[in-house]
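In what follows, a single structure is set out as structure tokens and then discussed.
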Amino acid sequence: MENQCTTLLHSAFIVTQDAQRRIIEDGGIAVKQGRIAAIGAWQEMRHWQAQEVLELGNMLIMPGLINAHTHATMTFLRGFADDLPLMEWLTGHIFPVEARLKPEVVRVASLLGFAEMLRTGTTACVDMYLFESAVLQAAVQAGIRCQGGEGLFAFPSAACPHWQQGLEQTRALAEKYKGNERISVAVTPHSVYTTNDALLIAARDMAAELDLPLHIHLAETTEETAQSLSQHGLRPIAYAESLGLLSPRTIAAHLVDSTEEEHSLLAQRGVTAVHNPSSNMKLASGIAPLPQMLAHAMPLALGSDGPTSNNRMNMFTEMHHAALLHKGHSGNAAALPAQSVLDMATHGGARALQQHPLLGMLAVDAPADLIALDLNEPNMQPLYSPVSHLVYAATGMEVRLSMVAGEVLYRDGLFSRFDYPALLQEVAAVRHWVLKKQA
């Protein structure tokens, strides 16, 4: 029958994030074969015949948030090296531990990261790390939507003695997950300061050959800029442009030390910029000039970065920090409105993920990637503006349900695809491994 579906959801509010940014009060969503079959007022939806009806009561349904730049594995070093600037933190503390990494540590730590994301309303992410095959294995286990790539460096890593092997692994991952609905692959050179011309050109060529995204840290600090000027005679963005790295497939994380001229260039090239407010503040990297980027109509997304430089992977935190940071820094209370921030965490993230044109919104034919927040929590009452609450009031701990492609992956404290208590035991073993290696 025409009005049959797999799941029918009913809640007090639906924030659709569709083209009209409709907010539906007392609404319903029909899910069929992993996609949204219909959405509207409950009076119109109640006649759908469903295998399962989820009566959510006083909850708000919205698109799942998309973390457009993260390193999920780095949960295993959460709180390990805090209160340090980027270069000292990275080279003096993080890289030495990562040099001893093993795939099993990566799998366990990544699964913990995906648990954190699903628990706090993130249903998709753009990841970059070592042993990325183990990261994607964990993503498959968790059921989360994920784009990942093997981190490429000019020096040997625990996963790859040479960056050419990293590219070979990327090619193998791209072939393995070709056509996968939830898992996709990117070419991921770490940054301009940890690579070289040959690596970056090869990464560019592979991304073009396989039609893959290219994900890179770029213009993160003034120190990076000084180093690039010394080595190449160009600022990082200009250097990337000289090598042909900037295109609509490029995902550029941070862009803290960037100029108006560079914003114009990035906009022309169609690069997706990923703002990481919490990480940039914690590492004292600076404040990305986001209002200027908005003025140039650059595609903008939000990311948490890794849980060692944040120390959370909670996109409600990132929305909150992004909105407040730029108001305080600019002296303009309208510098970054709540709707613009929510757009970054949904539409912008979907552009970075590059998986489905309707991802990041709740509309007919869009993937049924959605979350539900409990409006009975004290910080969510009273409700005048749902979008305001999502950016300024919500913490992520109000999330009661997370769904990807029509499948409930988290609900009321329970993860459907893995044993969370057993995972915690594995995480404890990883912690012991880290401490033993440091002794």
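A dipole drawn for the chain from +1 and -1 charges on Cβ atoms has a positive end, and of VAL256, LEU325, SER402 the residue lying farthest that way is SER402. Computed from Cα atoms, the angle from the helix 260-269 axis to the main principal axis of the chain rounds to 70 degrees. Evaluating 6.51 cos²θ - 1.76 cosθ + 1.60 at θ = phi - 60° for every residue in segment 423-432, the Karplus couplings come out as 4, 4, 5, 5, 5, 4, 5, 5, 4, 4 Hz, glycine and proline recorded as x.
Straight-line cross-link reach from LYS102 at under 19 Å between alpha-carbon atoms covers these lysines, not counting any fewer than eight positions away in the same chain: LYS436, LYS437. Charge dipole of the chain (Cα centre as origin; +1 on each Lys and Arg Cβ, -1 on each Asp and Glu Cβ, all else neutral): 520 debye, rounded to the nearest 20. Annotation: peptides 160-170, 278-288, ranked by per-residue average of other Cβ atoms within 10 Å with the highest first, follow the order 278-288, 160-170.
When segment 65-353 is described by a simple charge dipole with +1 on each Lys and Arg Cβ and -1 on each Asp and Glu Cβ, the residue from MET128, TYR193, VAL105 located farthest towards its positive end is VAL105. A cut-off of 5 Å between modelled amide H atoms, ignoring neighbours fewer than 5 places along the same chain, links ALA38 with ALA30. Here's how it looks for ARG22: its modeled amide H is under 5 Å from those of THR16, GLN17, which are all 5 or more places away or on a different chain. Spatial offset of segment 313-350 relative to segment 186-207 amounts to 30 Å, using the alpha carbon center of each. Overall, segment 209-323 carries a charge dipole of about 240 debye about its Cα centre when +1 sits on the Cβ of Lys and Arg and -1 on the Cβ of Asp and Glu, all other atoms neutral. For segment 219-286, the Cβ-based charge dipole about the Cα centre amounts to some 240 debye (Lys, Arg positive; Asp, Glu negative; other atoms uncharged). Using the Karplus relation 6.51 cos²θ - 1.76 cosθ + 1.60 with θ = phi - 60°, the per-residue 3J(HN,Hα) values for segment 239-256 come to 5, 4, 5, 5, 9, x, 7, 8, 7, x, 8, 7, 10, 10, 8, 5, 6, 5 Hz, with x marking Gly and Pro.
In order along segment 89-101, the Karplus-derived 3J(HN,Hα) couplings, from 6.51 cos²θ - 1.76 cosθ + 1.60 at θ = phi - 60°, round to 4, 6, 7, x, 10, 6, 4, x, 6, 4, 5, 10, 4 Hz, and Gly and Pro are given as x.
No value in this document is a laboratory result; all are computed from the given coordinates. Just so we're clear, the structure is a prediction, and the values are computed from it rather than from any experiment. Virtual Cβ from ideal backbone geometry, glycine too; neighbours counted across all protein chains shown.
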